[in-house]
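This report concerns only the one structure given below.
The values are calculated or read from the model by the stated rules, or taken from the named source; none is laboratory data. None of the values given here were measured: they were computed from a predicted structure. Please note: Cβ atoms are built from the backbone with ideal geometry, for glycine as well, and neighbour counts cover all protein chains shown. We work out accessible area using only protein heavy atoms, side chains counted, and drop any ligands, DNA or RNA first. Shrake-Rupley method; radii C 1.70, N 1.55, O 1.52, S 1.80 Å.
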Amino acid sequence: METAKALLASGKVQIYRAGVWKPRTRPSGFEGKGKEALEWLLNVKNQTGLLTAVEVGNPQHVELALKYQVDVLWIGARTTVNPFMVSEIAQAIKGTGIAVMIKNPVNPDLNLWMGAIERIHQAGIRRLAAIHRGFYFFRKTPWRNAPMWEIPIELKRICPRLPIIVDPSHICGKTSLIPDISQKALDLEMDGLMIEVHIHPNEALTDKEQQLTPQQFDDLINQLVIRATSPKSNDETLERLRLEVDKLDQEMLEILSRRMAMIDEIGHYKNQHHITILQIKRWRQMLADRLESGSQLGLDKDFLQQLLQLVHDESIRRQQIILNPHHDNTKED
Ligand code: PEP
Ligand code: MN
């Protein structure tokens, strides 16, 4: 209640989210207070006027949440991975018209995320949002869950009307990274933020490293810059610069196409003279050489390496078709 009142005072919060059932990776973690906490949540709603949101992991949770007048349900990352459970939840909310938010699955799998969204949509739910909470990797990353912005951006490209809420708390895992990720979310045209706040983070029963105090939350919100999502229609400078980019992209495509034609010619030559497609020595030299010239041109090395790799893979694929036209040349998925 104290946290809710502090958030209300910030004037920036519309929905109060609270985990009542916590899906824990290991059985020893704090698993939430369950039904008892739904009463606290209802009190928050009645006393502050904030809308409430809880995570639901099965149909019984849905039933109880609805009974306690929860306004928004969300499906957690560990549930989104399980199509059986998502279907059961979809069945339970069918016809209720409640708002539902769907977190991305733990692993970076856009189809699995979209599958869960579709299942809820098929249950007639139209007030839908996706939540980007980052992706777990076995290898250590600077984040608790790596943001991999290309995945939510691709979701936005495919479903332009679906709002995406970003959850910097679970992406970052520690408070120091939260401002940066929150600003990035806004600059990437994401539609909202879901941030964990606790009056005494040290006493939090879960995720204490990532909870902001209400004061830190206030400071964060005040320092975020909200930029125009679309430029003024008569912004001539931006228009001119974009035209330049369009021209450069066209040139880049033409050059790529000429390069691929050259690759095909080499492929035919190799075919006639029984030379292998890949000569590792040449590839190593090429890569080193391009990385060197690219860095002199101010291009980032990792970016360039990925780009060259992609172009090289495609060149190999084309030559493979020329040398072995009857083989299975299906692309790797
Ligand atoms: C949560 O939102 O508190 C939570 C458990 O998150 P996730 O499902 O993203 O791990
Ligand atoms: Mn949490």
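Numbers at a glance
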| item | result |
| --- | --- |
| Residue count for the stretch 158-177, restricted to those that are assigned to a loop (DSSP other than H, G, I, E, B) and closer than 22 Å to Ile117 by Cβ | 6 |
| Single match in Thr175, Thr80 (criterion: touching a residue at least 24 places away in the same chain (Cβ under 8 Å), hydroxyl-bearing (Ser, Thr, Tyr) and under 29 Å from Glu63 (Cβ atoms)) | Thr80 |
| Single unsatisfied condition, Ile125 versus (1) in a loop (DSSP other than H, G, I, E, B); (2) within 15 Å of ligand 1 (Cβ to nearest atom); (3) open to solvent by less than 10 Å² (accessible area, probe 1.4 Å) | (2) |
| Any hit, the stretch 145-158, residues being within 16 Å of ligand 2 (Cβ to nearest atom), open to solvent by less than 20 Å² (accessible area, probe 1.4 Å), in the same structural domain as Val54 (by TED's automatic domain parsing) and not charged (D, E, K, R) | yes |
| Every residue from the stretch 262-287 that is assigned to a helix (DSSP H, G or I) and either acidic (Asp, Glu) or loosely packed, with under 10 Cβ neighbours inside 10 Å (or both) | Asp264, Glu265, Gln272, Ile280, Lys281, Arg282 |
| Residue list for the stretch 137-157, filter: in a loop (DSSP other than H, G, I, E, B) and either touching a strand residue (DSSP E or B) at 6+ places or on another chain (Cβ under 7 Å) or within 20 Å of Ser176 (Cβ to Cβ) (or both) | Phe137, Lys140, Thr141, Pro142, Trp143, Arg144, Asn145, Pro147, Met148, Trp149 |
| Residue in the stretch 189-239 that is farthest from Arg26 (Cα to Cα), counting only those that are aliphatic (A, V, I, L, M) and within 16 Å of ligand 1 (Cβ to nearest atom) | Met190 |
| Residue in the stretch 29-45 that is touching a residue at least 60 places away in the same chain (Cβ under 8 Å), within 23 Å of Asp207 (Cβ to Cβ) and open to solvent by 60 Å² or more (accessible area, probe 1.4 Å) present | yes |
| Options Pro168, Pro108, Pro163: the member that is within 16 Å of ligand 2 (Cβ to nearest atom), under 18 Å from the mean Cα position of the chain (by Cα) and of a type outside the set (Phe, Trp, Tyr) | Pro168 |
| Residue list for the stretch 227-261, restricted to those being of a type in the set (Asp, Glu) and open to solvent by 80 Å² or more (accessible area, probe 1.4 Å) | Glu236, Glu239, Glu244, Asp246, Glu251, Glu254 |
| Complete set of residues in the stretch 78-95 that are in a loop (DSSP other than H, G, I, E, B), at pLDDT 95 or above and surrounded by fewer than 16 Cβ atoms within 10 Å (Cβ to Cβ) | Lys94 |
| Residue that is farthest from Ser169 (Cα to Cα) [pool: residues in the stretch 192-219 that are out of contact with any helix residue (DSSP H, G or I) (no Cβ under 6 Å at 6 or more places or on another chain), acidic (Asp, Glu) and within 16 Å of ligand 2 (Cβ to nearest atom)] | Glu203 |
| Total residues in the stretch 183-207, condition among the polar types (S, T, N, Q) and either assigned to a loop (DSSP other than H, G, I, E, B) or crowded, with 22+ Cβ neighbours inside 10 Å (or both) | 1 |
| Residues within the stretch 58-77 that are open to solvent by 20 Å² or more (accessible area, probe 1.4 Å) and without any contact (Cβ under 8 Å) to a residue 40 or more places away in the chain, tallied | 9 |
| Residue in the stretch 38-61 that is among the small types (Gly, Ala, Ser), in contact with a Lys or Arg (Cβ under 6 Å, 6 or more places away or on another chain) and assigned by TED's automatic domain parsing to the domain that holds Ala116 present | yes |
| Inter-residue pairs, beta-carbon under 8 Å, first of a type outside the set (Asp, Glu) and in the stretch 242-268, second not in a helix (DSSP H, G or I), 6+ apart | Gly267/Ile277 |
| Single unsatisfied condition, Pro142 versus (1) away from ligand 1 (no atom under 16 Å from the Cβ); (2) closer than 20 Å to Arg24 by Cβ | (2) |
| Given (1) within 15 Å of ligand 2 (Cβ to nearest atom); (2) among the polar types (S, T, N, Q); (3) over 27 Å from the mean Cα position of the chain (by Cα), number of the condition Thr25 does not satisfy | (3) |
